[in-house]
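First comes the structure, then the notes that go with it.
The values are calculated or read from the model by the stated rules, or taken from the named source; none is laboratory data. This one's a predicted model, so the numbers in the text were calculated from it and none came from an experiment. Neighbour counts are summed over all protein chains in view; Cβ atoms, including those assigned to glycine, are modelled from backbone coordinates with ideal geometry. In case anyone asks, the SASA skips ligands and DNA or RNA and just uses the protein heavy atoms, side chains included. Shrake-Rupley method; radii C 1.70, N 1.55, O 1.52, S 1.80 Å.
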Amino acid sequence: MSRRRRKVLPQEPVRCEVEKLGHDGRGIARNEGKVQFVSGALPGETVMAKMVGSRSKFDELRTLEVLSAAPDRQTPPCDFAAVCGGCSLQHMSAEAQIAFKENTLKEHFAHFGGIDPEQWVKPLRADTLGYRRKARLGVRFVKARESVLVGFREKSSNFLTDIDRCLVLDPRIGERIMPLRELLHGMDAFDRIPQVEVACGDDVAVMVFRNMEDLSDGDRSKLIVFGQNHDLHIYLQPKGPDTVHRIWPESTGHQDERLSYSLPEFDLTLAFHPMDFTQVNASINQVMVKRAIDWLNVQPGERVLDLFCGLGNFTLPLARSGGQVVGVEGDDAMVQRGRENAALNGLDNVTFFGADLHGDFTGQSWAKEGFDKILIDPPRSGAQDICQYLTVFNASRIVYVSCNPATLARDAGVMVRNGYRLVQAGVMDMFPHTTHVESIALFERDSG
């Protein structure tokens, strides 16, 4: 069997005239009719770029030099922005970034749903650096350098970027990249730890080391000393997610292995395990939750449904608003976490249930009494099937929080066809300097 030969790419830089920006944040140019996707380039710019990939219908390039800069270009705050794949838009001004995300959402509404909201609301914005509280960092020993690299992959590459800090990560993690590299390089298992998961609460930051085999006593001691010196909690993950356990400080039980974040507007503290899903940007999360609660406008005595509720990020603030709230989640561990958080905050007007949220749930016991208001925060795949059933409850308002503008637009079309008006929508800058678009939409029952 003959092997397919890898195409040899031209080494000479290519001149590109950038026409527009794609949804993935890359500039789009053309060369003799063939599309060029150019990372690090903005609309209206002329750049010299290096070919990094080629297909029959398009080429992929990385900007080397900007010959003619667009007004929206800025100097990236991070020295590694041109190479590191953790961010893709640091070369674009903050105003241009948010405008790009708004336009992405608008284009998806037009393309998938064929609709527009009655009102576009002002984007929610907050911290743009040091905001990221959760991440998975790759680890790789590079023999040629006799060094361990820690961080994100390079753009258009499987290689890890050689960084010594990260300005986007929470400083408790981002400022410790170099000490972390030195720690790993000095361990016996320097080439057998493929990743480090990081998670930060308001008061505690955690590193979870994925160890492929049992660590020596010396390595465990080094990890513990590292945690002590840098005020970090240290966990190991020898196998699957259920094997994650804390080694510093010494754990006294599962309830002890909790971080927490606060929602001061609602006088709430929410506890979570380092491997639980939580919103990565705490400052955006606070204003996002407030907007969602304000839009639902829950009145005393109303029944409220929170679908894909997780550990209660929206459920508990809704309960603080005075309604009777039902939170539903497909992950049993998160259901338990929601119950823990309800008890932690002394709330007795909220109940949590586990359910398969991929089909008709209207016959479930918790659904039979109906709901006046609904909040839904699905995964990237959206909730097309569920949206078909939401109309059964005849809720007056539905708030949809989305991490994927394409599936939000698709599902919005379903809602409108089933008798709802898309009243308001807008973006939230949950992941500054990236193309990730977080958004929120309000639907109201069409009285006509």
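Observations on the model:
- Lone unmet requirement of (1) open to solvent by less than 20 Å² (accessible area, probe 1.4 Å); (2) out of contact with any helix residue (DSSP H, G or I) (no Cβ under 6 Å at 6 or more places or on another chain) for residue 95: (1)
- Only one of 39, 68, 54, 88 that is in contact with a Pro (Cβ under 9 Å, 6 or more places away or on another chain) and not basic (Lys, Arg): 54
- Residue selected from the stretch 227-252 under the condition of a type in the set (Asp, Glu) and part of a loop (DSSP other than H, G, I, E, B), by the criterion farthest from residue 177 (Cα to Cα): 250
- Some residue of the stretch 253-261 being assigned to a strand (DSSP E or B), of a type in the set (Phe, Trp, Tyr) and either at pLDDT 95 or above or under 21 Å from the mean Cα position of the chain (by Cα) (or both): yes
- Residue among 242, 191 that is more than 26 Å from the chain's Cα centre (by Cα) and either touching a residue at least 12 places away in the same chain (Cβ under 8 Å) or open to solvent by 20 Å² or more (accessible area, probe 1.4 Å) (or both): 191
- Matching residues, the stretch 340-369, being at pLDDT 95 or above, within 27 Å of the chain's Cα centre (by Cα) and assigned to a loop (DSSP other than H, G, I, E, B): 345
- Residues satisfying the stated conditions in the stretch 146-167, i.e. open to solvent by 40 Å² or more (accessible area, probe 1.4 Å) and in a strand (DSSP E or B): 153, 154
- Members of the stretch 116-145 that are hydroxyl-bearing (Ser, Thr, Tyr) and open to solvent by less than 20 Å² (accessible area, probe 1.4 Å): 131
- Evaluation of residue 113 against (1) open to solvent by 40 Å² or more (accessible area, probe 1.4 Å); (2) out of contact with any strand residue (DSSP E or B) (no Cβ under 6 Å at 6 or more places or on another chain); (3) not acidic (Asp, Glu) (one fails), failing number: (1)
- Sole residue being touching a helix residue (DSSP H, G or I) at 6+ places or on another chain (Cβ under 8 Å), in a loop (DSSP other than H, G, I, E, B) and of a type in the set (A, V, I, L, M), chosen from 289, 298, 328: 298
- Residue 122 being farther than 27 Å from residue 197 by Cβ, in a loop (DSSP other than H, G, I, E, B), more than 17 Å from the chain's Cα centre (by Cα) and basic (Lys, Arg): yes
- Qualifying residues in the stretch 312-331 (those that are closer than 14 Å to residue 297 by Cβ, among the small types (Gly, Ala, Ser) and surrounded by fewer than 21 Cβ atoms within 10 Å (Cβ to Cβ)) - the one nearest to the chain's Cα centre (by Cα): 321
- Taking first residues from the stretch 45-71 that are outside any strand (DSSP E or B) and partners that are among the aliphatic types (A, V, I, L, M) and open to solvent by 20 Å² or more (accessible area, probe 1.4 Å), the Cβ contacts under 8 Å between residues at least 6 apart in sequence or on separate chains come to 45/66; 45/67; 45/69; 57/35.
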